[in-house]
Amino acid sequence: MLKAIEYAQNGMDTNEGGPFGAVIVKDGKIVGRGNNKVTSTNDPTAHAEVVAIRDACKNLNTFQLDDCVIYTSCEPCPMCLGAIYWARPKRIVFACSKKDAADIDFDDAFIYKEIELPIEKRSIKTEQHLREEGLKVFKAWDEKQDKEEY
């Protein structure tokens, strides 16, 4: 956990992004590292946990983090939580809470509320188009014999 907090501090000190850091550990060794790099990379998805997941997956040559633990300096936001669940680690450990983050103007409450709303009531207009054409690709995936399940 101290390393995750250290990465948060270092990333903030070097103006790479907000005060967030994460490490991923497998068998007692750090296999992935990350700090928030949203502003330095102009990438809104470059949160510490996502950066660390990408690093760990590259280092382990896999798309799943079985038997890994993610240590993060703050309770994951909705995007990071989704990425963590897709990566399938065995555990998440965090230091600061989402309330602590909200207290310094990193408030994700509106996203949690948006997710619960019907699509037509969300603040970003969302529309469905060309479903039948899209379903053709889904059908092809369903019938694909050499797909790698995940």
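Brief remarks follow.
- Whichever residue in the stretch 126-144 is assigned to a loop (DSSP other than H, G, I, E, B) and modelled with pLDDT of 95 or more and, among such residues, is nearest to CYS57 (Cα to Cα): LYS144
- Any chance PHE63 is open to solvent by 20 Å² or more (accessible area, probe 1.4 Å) and more than 27 Å from GLU149 (Cβ to Cβ): no
- Some residue of the stretch 80-91 being out of contact with any Pro (no Cβ under 7 Å at 6 or more places or on another chain) and part of a strand (DSSP E or B): yes
- Restricting ILE70, ILE111, ILE104 to residues that are in contact with an Asp or Glu (Cβ under 7 Å, 6 or more places away or on another chain), closer than 30 Å to TYR7 by Cα and in contact (Cβ under 8 Å) with a residue 24 or more places away in the chain narrows the list to ILE70.
- Restricting the stretch 6-22 to residues that are surrounded by 22 or more Cβ atoms within 10 Å (Cβ to Cβ) and of a type in the set (A, V, I, L, M) leaves a set whose member that is farthest from GLN64 (Cα to Cα) is ALA8.
- Pair list, Cβ under 6 Å, 6 or more apart: the stretch 45-67 residue over 13 Å from GLY11 (Cα atoms) and in a loop (DSSP other than H, G, I, E, B), other residue of a type in the set (A, V, I, L, M, F, W, C) and open to solvent by 20 Å² or more (accessible area, probe 1.4 Å): PHE63/CYS57
- In the stretch 23-43, residue nearest to PHE94 (Cα to Cα) [restricted to those that are open to solvent by 20 Å² or more (accessible area, probe 1.4 Å) and in a loop (DSSP other than H, G, I, E, B)]: GLY28
The values are calculated or read from the model by the stated rules, or taken from the named source; none is laboratory data. What you see is a predicted model; the values in this text were computed from it and never measured. Here the Cβ is made from the backbone with ideal geometry for all residues, glycine too, and neighbour counts use every protein chain on show. Areas reflect the complete protein model, heavy atoms only, side chains present, ligands, DNA and RNA absent. Shrake-Rupley method; radii C 1.70, N 1.55, O 1.52, S 1.80 Å.
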